[in-house]
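*Asks:* Below is the structure I would like to discuss, written out as structure tokens.
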Amino acid sequence: MSDKASIHAMTTLQVRGIRKSFGKRAARKEVLGGLSLSVADGEFVSIVGPSGSGKTTLFKVIGGLEQPSEGEIWVEGKQTTGERGHISYMPQQSALLPWQSVAGNIELSLAISGLDRKAAKLKTKEWLERIGLDDYADAYPHMLSGGMLQRVSFLRALLAPQRLMLLDEPFGALDALTRLQMQQWLMSIWDQNRRSVLLVTHSIEEALFLSDRIIVLSASPAVVLEEFVVPFERPRSEALWTNPLFNELKQQIYELLKAGGKEANE
Amino acid sequence: MAIRKSGWAKAWPPMAVLAGLLACWQAAVTWGKVDKWLLPSPLAIVQEAIQIWPRLMEHTEATVQLTLLGFAGGSAVGFVLAALLHLIPGFRSAVYPLLVLSQNVPIIAIAPILTMLLGYGLLPKVLLVTVVCFFPITVAMLSGLSSPDAQLRHYFQMIGIGKWQLFWRLELPHAIVHLFSGLKISASYSVLSAIVAEWLGTNKGLGAFMLISFKGFMPDRGYAAVFIIVTLSLTLFGLIVLAERIVIRWQPVKEVE
Ligand SMILES: Nc1ncnc2c1ncn2[C@@H]1O[C@H](COP(=O)(O)OP(=O)(O)OP(=O)(O)O)[C@@H](O)[C@H]1O
Ligand SMILES: [Mg+2]
């Protein structure tokens with residue numbers, strides 16, 4: 001028993017045999033088909049999978065918004081299945097309140113995540129300066145560009161006291177160039193403040209560039225097809241893009257996704 | 001200054017049309033065949049208004065008081081009711097249809113009942129205005145409360161927001177924008193329903209004055225009252241637009257077309 005407990009202490013997230021179905025009787029459809037994965041403390045893990053395979057649903061289960069039909073979620077060594085408030089989150093759309101200033105938005109989220117008001121204020125101010133957005137602290141979100149909004153949204157997730165961050169396609173709505181800049185920016189910030197990250201992305205390159213490990217999901221009902229350890233040293237640079245191993249891994253994952261998608265269609 | 005300029009640019013076309021209409025009216029009465037006892041000319045109305053100004057103001061004051069009391073009451077009731085309907089599970093589906101039903105009862109029918117129950121004082125009249133005013137506010141607020149951006153709601157739920165915090169932080173602020181559209185409708189309703197309320201056994205207020213004037217074959221006085229009523233209605237509407245601008249400063253500025 002104590003052995004088990006010590007393993008939990010080191011892993012920030014454990015997803016154990018999660019099944020989730022929607023609908024009743026004939027219309028019943030299994031989306032998650034017994035999914036197990038884990039994220040170690042300070043580890044950056046990416047999930048890639050076909051569209052509609054159930055990645056957002058998995059996040060909802062981890063976040064406690066959906067009750068799984070079967071299985072357990074463990075966060076920081078505690079069972080949290082169906083409980084909310086154990087994670088921090090960054091969605092695809094920045095999801096900032098339009099009537100709050102940039103700083104106000106961050107402070108509010110930190111307060112909801114359990115930080116006291118004063119600490120939230122201090123942290124917000126300090127980090128907005130650090131990422132060079134202090135001029136925009138009092139601006140309303142509609143005055144910022146898409147890239148800036150995602151920076152604020154990421155910062156808001158990063159500063160929350162929870163160890164685990166869930167990022168659901170955080171750069172999916174950005175143009176290609178901004179997306180590359182954001183990946184590098186995120187990497188540099190994350191290096192300064194390592195948290196456990198679970199990232200959903202559609203871009204295999206993005207996953208390879210950012211993660212320690214990549215989990216490939218099948219089409220729904222989703223199961224883990226394979227896991228790849230990404231061996232590149234940090235800090236990583238753009239030179240990685242021309243690395244033969246990078247391209248080989250990319251090819252492997254791509255083939256796997258293609259095959260996995262087909263299987264489910266037949 | 002830019003705001004002023006664009007405000008003026010927006011204001012002058014309807015004002016020009018209005019001036020044109022008044023001129024036509026004046027011309028029709030002066031040279032045309034319109035009976036002065038039926039429709040006095042604008043100038044005659046203004047002259048009459050100046051002559052009886054102190055009395056007109058007395059009645060205006062009564063109407064303003066009634067309107068504001070009823071409007072405030074209606075707004076408060078509308079606001080609280082919307083919050084309750086939204087927050088108490090099952091309450092909305094049980095009560096909302098009845099509210100819609102209640103709006104099909106004409107005020108003219110409610111008025112005598114209120115008078116019968118509560119006499120001829122200020123209270124039944126204020127209640128009448130309140131009854132008319134609360135509905136648009138409740139409807140506007142409710143649609144605002146239940147419609148915030150799904151992405152925002154999902155985000156806040158993911159980070160573990162409670163029901164009350166969700167209400168205060170997301171749903172209520174979001175509903176404020178909708179609330180103002182309800183307030184604007186209710187503002188116009190409140191003046192009109194105050195006038196109707198004053199038709200019922202009272203001799204105070206512009207509504208009563210208007211009725212007496214028309215019955216006593218003094219249409220110029222009646223129309224003077226109508227002019228003031230229209231002005232009141234517009235003023236109240238303008239005040240709400242102003243309040244909206246002050247409260248909702250965070251919205252992107254829309255270009256004037
Ligand atoms: N509340 C729900 N009720 C019924 N079906 C649902 C519900 N939520 C999700 N689904 C179904 O579950 C499947 C997976 O959806 P999900 O959004 O998790 O996929 P995804 O992997 O995030 O897709 P994408 O990559 O396009 O974002 C879809 O087929 C969807 O229709
Ligand atoms: Mg998704």
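*Asks:* I'd like the full set of residues that are acidic (Asp, Glu) and within 14 Å of ligand 1 (Cβ to nearest atom), limited to the range A:181-216. Walk me through it before giving the result.
*Replies:* Restricting attention to the range A:181-216, the residues satisfying the condition of being acidic (Asp, Glu) are A:191, A:205-206, A:212.
The one that is acidic (Asp, Glu) and within 14 Å of ligand 1 (Cβ to nearest atom): A:206.
*Asks:* Still on this structure, I have one more. Out of curiosity, is residue B:70 under 30 Å from residue B:111 (Cα atoms) and in contact with a Lys or Arg (Cβ under 8 Å, 6 or more places away or on another chain)? First the steps, then the outcome.
*Replies:* Working: under 30 Å from residue B:111 (Cα atoms): yes; in contact with a Lys or Arg (Cβ under 8 Å, 6 or more places away or on another chain): yes.
Here the answer is yes, as residue B:70 does meet what is asked.
*Asks:* Exactly one of these conditions fails for residue A:236: (1) closer than 14 Å to residue A:183 by Cα; (2) open to solvent by 50 Å² or more (accessible area, probe 1.4 Å); (3) not in a helix (DSSP H, G or I). Give me its number.
*Replies:* (2)
*Asks:* For residue A:52, state whether it is assigned to a loop (DSSP other than H, G, I, E, B), away from chain B (no Cβ under 14 Å) and either within 16 Å of ligand 2 (Cβ to nearest atom) or without any contact (Cβ under 8 Å) to a residue 24 or more places away in the chain (or both).
*Replies:* Details: assigned to a loop (DSSP other than H, G, I, E, B): yes; away from chain B (no Cβ under 14 Å): yes; either within 16 Å of ligand 2 (Cβ to nearest atom) or without any contact (Cβ under 8 Å) to a residue 24 or more places away in the chain (or both): yes.
Answer is yes for this residue.
Residues are listed down the side, and each one gets a yes or a no for (1) over 19 Å from residue B:150 (Cβ atoms); (2) within 16 Å of ligand 1 (Cβ to nearest atom); (3) touching a helix residue (DSSP H, G or I) at 6+ places or on another chain (Cβ under 8 Å); (4) without any contact (Cβ under 8 Å) to a residue 24 or more places away in the chain:
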site: A:47; (1), (2), (3), (4): yes, yes, yes, no
site: A:59; (1), (2), (3), (4): no, yes, yes, no
site: A:66; (1), (2), (3), (4): no, yes, yes, no
site: A:94; (1), (2), (3), (4): no, no, yes, no
site: A:103; (1), (2), (3), (4): yes, no, yes, no
site: A:112; (1), (2), (3), (4): no, no, yes, yes
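*Asks:* Something else now. For the range B:172-179, does any single residue satisfy the condition of being in contact with a His (Cβ under 6 Å, 6 or more places away or on another chain) and more than 26 Å from residue A:173 (Cα to Cα)?
*Replies:* Step one: filter the range B:172-179 for residues in contact with a His (Cβ under 6 Å, 6 or more places away or on another chain), giving none.
No; the residues of the range B:172-179 include none that is in contact with a His (Cβ under 6 Å, 6 or more places away or on another chain) and more than 26 Å from residue A:173 (Cα to Cα).
*Asks:* In the range A:63-81, is there at least one residue being within 14 Å of chain B (Cβ to nearest Cβ) and more than 19 Å from residue B:161 (Cα to Cα)? Quick ask: steps written out before the conclusion?
*Replies:* If we filter the range A:63-81 for residues that are within 14 Å of chain B (Cβ to nearest Cβ), which is where we start, we get A:63-67, A:73, A:75, A:80.
Subsequent filtering for residues that are more than 19 Å from residue B:161 (Cα to Cα) retains A:73.
Yes - at least one qualifying residue is present in the range A:63-81.
*Asks:* Give me a count of the residues in the range B:200-226 that are within 20 Å of the chain's Cα centre (by Cα) and surrounded by fewer than 16 Cβ atoms within 10 Å (Cβ to Cβ).
*Replies:* Result for the range B:200-226: 0.
*Asks:* Within the range B:115-175, which helices (runs of 4 or more DSSP H) (wholly inside it) include 1 or more residues that are within 11 Å of chain A (Cβ to nearest Cβ) and over 19 Å from residue B:88 (Cβ atoms)?
*Replies:* Values: elements: B:122-145, B:150-158, B:163-166.
Helices (runs of 4 or more DSSP H) meeting the threshold: B:150-158.
*Asks:* Name every residue in the range B:72-93 that is closer than 20 Å to residue B:165 by Cβ and in contact with a Ser or Thr (Cβ under 6 Å, 6 or more places away or on another chain), in order of residue number.
*Replies:* Selection gives B:82 alone.
The values are calculated or read from the model by the stated rules, or taken from the named source; none is laboratory data. Predicted model, so just to flag it, every value in this text is computed and none were measured. Note that each Cβ is placed from the backbone with ideal geometry, even for glycine, and that neighbours are counted across all protein chains shown. Just so you know, the surface numbers come from the protein's heavy atoms only, side chains and all, with ligands and any DNA or RNA stripped out. Shrake-Rupley method; radii C 1.70, N 1.55, O 1.52, S 1.80 Å.
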